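Everything on this sheet refers to the single structure shown next.
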Amino acid sequence: GQNIDQPTEMTATEGAIVQINCTYQTSGFNGLFWYQQHAGEAPTFLSYNVLDGLEEKGRFSSFLSRSKGYSYLLLKELQMKDSASYLCAVHPNTDKLIFGTGTRLQVFP
Amino acid sequence: DAGITQSPRHKVTETGTPVTLRCHQTENHRYMYWYRQDPGHGLRLIHYSYGVKDTDKGEVSDGYSVSRSKTEDFLLTLESATSSQTSVYFCAISGPGDYGYTFGSGTRLTVV
């Protein structure tokens with residue numbers, strides 16, 4: 001079967017660092033994606049990992065461990081505009097992405 | 001901008017009526033997808049297409065049908081709408097070299 005787990009909600013303070021974890025069990029693996037989704041809007045691409053290790057892109061970084069079926073998204077220097085849902089998605093050996101239920105992040109001043 | 005549009009953006013319909021949602025792309029991408037998004041469930045795949053007249057079912061396809069007669073258009077039809085189909089529907093496209101999907105703006109459907 002296919003299963004992707006991530007926390008439902010997280011809170012953090014402006015300027016802080018937050019780590020959003022994602023664990024997955026899928027029949028095959030061709031990459032892991034993180035998307036950001038603001039309320040009432042479409043998901044937008046944040047990051048992509050296919051090999052183990054850390055991918056850094058500005059304030060956002062994403063880590064992957066294929067042997068552990070684990071990824072995290074790290075957000076630094078949090079801003080109010082980072083309040084959104086963050087979706088973890090896995091690309092198994094098919095043409096389809098499988099999504100987790102998403103983590104709603106609230107950033108407080 | 002992103003080359004993918006959905007219509008309508010909002011729709012209210014009555015139980016038992018047929019409803020068709022449209023996804024239009026200008027990217028000439030081969031793959032198109034329909035997802036629904038509900039609280040507590042995330043994005044779930046309804047149907048997808050890998051070319052003109054080539055479609056396949058996703059995990060929540062019951063009560064839905066699709067058609068793709070042209071590369072640029074992918075239609076999702078609710079044959080007889082039910083209240084359980086109240087949801088936000090997203091279309092997505094994927095092409096060669098793409099990282100994942102590009103999503104449309106979504107259609108908020110309410111079945112009363």
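Table: residues versus (1) at negative phi; (2) touching a residue at least 24 places away in the same chain (Cβ under 8 Å); (3) surrounded by fewer than 18 Cβ atoms within 10 Å (Cβ to Cβ); (4) touching a helix residue (DSSP H, G or I) at 6+ places or on another chain (Cβ under 7 Å).
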| residue | (1), (2), (3), (4) |
| --- | --- |
| B:T13 | yes, yes, yes, no |
| B:P18 | yes, yes, yes, no |
| B:M32 | yes, yes, no, no |
| B:S67 | yes, no, yes, no |
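Take B:S61 and decide whether it is in a loop (DSSP other than H, G, I, E, B), in contact with a Gly (Cβ under 7 Å, 6 or more places away or on another chain) and more than 27 Å from A:S47 (Cα to Cα). Judged against the criteria, B:S61 is not a match. With a requirement of 2 or more residues that are crowded, with 17+ Cβ neighbours inside 10 Å, within 14 Å of chain B (Cβ to nearest Cβ) and among the polar types (S, T, N, Q), the strands (runs of 3 or more DSSP E) lying completely within segment A:2-87 that satisfy it span A:32-37, A:44-49. Does B:D62 satisfy the criteria of being closer than 17 Å to B:T102 by Cβ, more than 14 Å from every other protein chain (Cβ to nearest Cβ) and of a type outside the set (F, W, Y)? Considered against the rule, which asks whether it is closer than 17 Å to B:T102 by Cβ, more than 14 Å from every other protein chain (Cβ to nearest Cβ) and of a type outside the set (F, W, Y), B:D62 comes out as no.
When B:S80, B:S84, B:S69 are screened for being part of a strand (DSSP E or B), more than 13 Å from the chain's Cα centre (by Cα) and among the polar types (S, T, N, Q), only B:S69 passes. Could we say that B:R44 is part of a strand (DSSP E or B), of a type in the set (K, R) and more than 24 Å from A:N93 (Cα to Cα) here? Here the answer is no, as B:R44 does not meet what is asked. Residues in segment B:47-58 that are in contact (Cβ under 8 Å) with a residue 12 or more places away in the chain and outside any loop (DSSP other than H, G, I, E, B): 7 in all.
If I filter segment B:95-112 down to residues being assigned to a strand (DSSP E or B) and within 12 Å of chain A (Cβ to nearest Cβ), which single residue comes out as surrounded by the fewest Cβ atoms within 10 Å (Cβ to Cβ)?
By that ranking, first place goes to B:R108.
Residues in segment B:69-95 that are free of Cβ contacts under 8 Å to residues at least 60 places away in the same chain and either within 28 Å of A:V50 (Cβ to Cβ) or of a type in the set (F, W, Y) (or both): B:T71, B:F74.
Within segment B:78-94, if we keep just the residues that are surrounded by 15 or more Cβ atoms within 10 Å (Cβ to Cβ) and not hydrophobic (A, V, I, L, M, F, W, C), the residue that is nearest to the other protein chains (Cβ to nearest Cβ) turns out to be B:S94.
None of the figures in this text is laboratory data; all of them are computed from the coordinates on show. Because the structure is a prediction, the values reported are computed rather than measured. With ideal geometry, Cβ positions are generated from the backbone for all residues, glycine too; neighbour counts draw on all protein chains shown.
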